[in-house]
Amino acid sequence: MATNSTEEIPTSYDHGDIAFVLVSTALVWLMVPGLGYFYSGMARSKNALSLIMLCVLSIAVVSFQWWLWGYSLAFSNVGSKFIGNLDNAFFRHVRGDPSPQAKQIPELVFALYQLMFAGITPALAIGSAAERGRLVPALVFIFIWSTLVYDPIAHWTWSVNGWSFQLGGLDFAGGTPVHIASGAAALAYCLVVGKRDGHGVEDFKPHNIANVVLGTALLWFGWFGFNGGSALAANTRAAMACLVTNLAAAVGGLTWMLLDFRLERKLSAMGFCTGAVAGLVTITPGSGYVGPEASVLFGVVGAIACNFAAKLKSWLSFDDALDVFAVHGIGGIVGNLLTGIFAEKAIANLDGTDIPGGWLDHHWIQICYQLADSVAGASYSFFVTLIILTVMNKFPYMSLRSDPEAEAKGLDEAELGELAYYHVDRLITINTRTGETKMIKEETIHQSNDTNVTII
């Protein structure tokens, strides 16, 4: 649609690249409800709607924070090696000029695309406190955490001024800012909030595997924009990123399913979906640097590592309800380290980017850069999150955990006053002579997978 703007777009911009990044932006946005369905299916039915809403509300809160000062703190043209400044707060001067991080597209397009990454990251983290974490404090946490944790890590990883970027760390699409940061934050969140009532006694089974499959499909679909779009241009490198992303997800899903099969002798849909997400997480940092052969290894190693990491919560007795730390934290670290080994000059050079490569190109120090970035991101996110949550818990009305009654009732009813599912019981009498029916009683019951009900 034509506008009356007098701003001239530089002729060096390829409109196809702009369109590609805008479509990728929409694909990453679609991952947010996908994550909601993925999480809701893994939880009990009385908490399903609250998890979907938390994910959707995350993108809403972060959209405001990103406009207010988030983008400026992460990507301002001038800044320290740790964080940017407020030159671009309120999106000032974010228009048609090229971004220092992506000269081939307008900065406005780049800022919008990066917003999607910022929006989904805290939604990943809060999954660890599912079924007992209050909603309003979670929204406050999302705003604070995005400012104090996500923005600095995104800055040092992707900004041309960041210390990891200048050191030579390779992170194509968010191994550290998105996955390691959210995984470490998830661990801190579940430790501060505490275990669910009945943890270790009750068997908290997923209530709707169909929702998990739907969520996985949306995440997988959106990940083409997440990884492929990070090339920030419609080129061969973007196509390669999409190829290795799909391959790692497929292999990761099959690997996890086979790991579960050796124990249960069943082909688990839940296992396949979790493994596919583990493969997607692991390939994320290397998706623009590795070839198809390496991506198979990313899927296999990522799924195995995350599968065994999921058992840590039993061994160490913490309640990460949805295995966020195991899949995103461990998966992100494994992906970063594998990138240090398998990154290739030739793959990065598909769009003209020049890098020294990893071990395959005899650049042995690269894995040390990857390790430094991973350890810094995990440590910073964990300890700062711990501080944020501890301080919040001391303020009136900011208690992170719901009370026992609300937890037993379910957060859907206690926090939202709405339910994901309703079941209506009607007692009807029938006159056998006339065929006339009369309703004696009607009762609306919340569908719950917490108890078994027998009707006699």
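The values are calculated or read from the model by the stated rules, or taken from the named source; none is laboratory data. Keep in mind that this is a model prediction, so the values were computed, not measured. Cβ: placed from backbone, ideal geometry, glycine included. Neighbour counts: every protein chain shown. Ligands, DNA and RNA are excluded from the accessible area calculation, which covers all protein heavy atoms including side chains. Shrake-Rupley method; radii C 1.70, N 1.55, O 1.52, S 1.80 Å.
Above 24 Å, the calculated P(r) of the range 167-269 contains 47 percent of its Cα-Cα pairs. Both numbers refer to the Cα atoms of the range 38-194; Rg and Dmax are 16.0, 49 Å.
On average over all directions, what projected area in square nanometres does the range 261-305 have, based on the convex hull of its Cα atoms? Don't skip to the end; give the middle numbers.
On the way: hull surface 13.6 nm².
Here the figure is 3.4 nm², rounded to one decimal.
Carbon and sulfur: what percent of the range 185-276's accessible surface (1.4 Å probe)?
Details: 2480 of 3840 Å².
Result for the range 185-276: 65 percent of the exposed heavy-atom area is carbon or sulfur.
Placing unit charges on each Cβ (+1 for Lys and Arg, -1 for Asp and Glu) gives the range 1-139 a dipole about its Cα centre, and among GLY127, ALA102, TRP67 the Cα reaching farthest toward its positive end belongs to GLY127.
If a spin label sat at a point 7 angstrom from the Cα of ARG95 along the line to its beta carbon, the backbone N atoms of the range 9-40 nearer than 18 Å would be those of 9-13. Fully extending the segment from VAL201 to SER314, taken as 0.36 nm per residue of separation minus the present Cα-Cα distance, adds 39.5 nm.
Assuming charge only on the beta carbon of Lys and Arg (+1) and of Asp and Glu (-1), the dipole of the chain about its Cα centre is about 680 debye to the nearest 20. Size check on the range 207-339: the Cα extents along the three principal axes, sorted descending, read 45, 30, 24 Å. Taking every protein chain into account, the accessible area of the chain amounts to 43 square angstrom per residue (probe 1.4 Å).
For the range 372-422, with only Lys/Arg (+1) and Asp/Glu (-1) charged at the beta-carbon, what is the dipole magnitude about the Cα centre, in debye rounded to 20?
The calculated dipole for the range 372-422 is roughly 320 debye.
Taking all protein chains together, LYS46, LYS394 sort by accessible area into LYS394, LYS46, largest first [probe 1.4 Å]. For the range 287-336, chymotrypsin sites (Phe, Trp or Tyr not before Pro) are listed when DSSP marks them as loop and at most 16 other Cβ atoms sit within 10 Å of their Cβ; the list is PHE318.
List the DSSP H helices in the chain whose Cα atoms stretch 30 Å or more along the helix axis and whose mean Kyte-Doolittle hydropathy is at least -1.0. Walk me through the numbers before you get to the answer.
Values: long enough: 15-42 (41 Å, 1.21); 236-264 (42 Å, 0.96); 366-393 (40 Å, 1.15).
Long hydrophobic helices here: 15-42, 236-264, 366-393.
Computing the accessible area with a 1.4 Å probe over protein heavy atoms, can you report the carbon and sulfur percentage for the range 288-440? Accessible surface attributable to carbon and sulfur in the range 288-440 totals 63 percent. Within the range 347-423, the proportion of C-alpha pairs whose separation exceeds 21 Å stands at 64%. Over the chain, dividing the summed -39,500 (n - 2.57) contributions of all DSSP H runs of at least 4 residues by the number of residues returns a 222 nm mean residue ellipticity of -17000 deg cm²/dmol.
With N residues in the range 76-162, what two-decimal value do you get for its Cα radius of gyration over 2.2 N^0.38 Å?
Cα Rg divided by the expected 2.2 N^0.38 Å: 1.23.
Rounded to the nearest 0.05, what FRET efficiency is calculated for ASP351 and GLU293 with R0 set to 22 Å and r the Cβ-Cβ distance?
Values: r = 20 Å, r/R0 = 0.91.
Given R0 = 22 Å and the Cβ-Cβ separation, E is 0.65.
Using the Cβ-Cβ distance between ASP87 and ALA26 with R0 set to 22 Å, the FRET efficiency works out to roughly 0.20.
Quick one: Debye curve from the C-alpha atoms of the chain, no solvent, what's log10 I(q)/I(0) at q = 0.05, 0.09, 0.10, 0.13 Å⁻¹? For the chain, the Cα-only Debye profile gives -0.19, -0.58, -0.70, -1.13. According to the square roots a ≥ b ≥ c of the eigenvalues of the Cα gyration tensor, what is the shape class of the range 25-66, taking rounded for a/c under 1.5, prolate for a/b larger than b/c otherwise, and oblate for the remainder? Oblate.
Probe radius 1.4 Å, ligands and nucleic acids ignored: give me the carbon and sulfur share of the accessible area of the range 1-124 as a rounded percent.
Details: 3450 of 5210 Å².
On the range 1-124, the fraction of accessible area on carbon and sulfur atoms equals 66 percent.
In this structure, the residue pairs whose Cα-Cα separation is over 28 Å, taken from LYS46/LYS311; LYS313/LYS409; LYS311/LYS394; LYS81/LYS103, are LYS311/LYS394.
When DSSP beta bridges are restricted to pairs lying wholly in the chain, around 100% turn out antiparallel.
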